[in-house]
Structures are given as C-alpha cells and as structure tokens.
1. Rank the residues Ser75, Ser30 as a footprinting-exposure proxy: fewest other Cβ atoms within 10 Å of their Cβ go first.
2. Filter the chymotrypsin sites (Phe, Trp or Tyr not before Pro) in segment 16-59 down to the DSSP loop ones having no more than 14 other Cβ atoms within 10 Å, then list what survives.
Amino acid sequence: MGHRGQPDRPPGSGRRNRDVHLLGAQLGGSNKDPRNFVTMHQYANTPAMRDFETQVRKAVDAGEIIRYRATPAYSGSVFCRRV
C-alpha cells in the first residue's frame, strides 16, 4: 500500500519530491484515486499550489464558474515536474 493508502505511487516519488493532487482535495479532488496524484518537487505543492487552490476555492464559493485543468508534463526520463 502506497502513500495516503494508495496502491501505487507516481513515478519519481522520493526525498525532495512529493505525491500531490492534480485536483486538490479542497476543490473536490480524490484522496483515493491514484489517477489524481503526480509527483512534484516539495516546494511546488506548498505553499505555491495551496495558495493557488485557495484562490480558486474562494472564487467558487463566491459563485464564479471556474474551468480548471491540470496536466502533468514530464521530460524524457525525468518523472518530476520542473519548477
């Protein structure tokens, strides 16, 4: 069983890299579906993404319609998104 109870961890997970949500939990993203996890450098997830997701959440709560797309982009054999 992997990180957060997941059977599989994204490629590249390790010392400075973290499993992160494509769609954050505060925006309705799954904490259980492995398709919602990718690997990023630890700094990219917090505080950068957390702050962005908080802004999106506030806009949704204010009644705005948000189109949100998260697409991981890897380069060659590098399995961690570049920051």
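1. Listing Ser75, Ser30 from fewest to most nearby Cβ atoms yields Ser75, Ser30.
2. none
Quick note: the coordinates plus some simple rules give every number you see, no bench work behind them. No experiment lies behind these values; they were computed from the predicted model shown. Cβ coordinates were reconstructed from backbone atoms using ideal geometry, including for glycine residues, and neighbour counts include every protein chain displayed.
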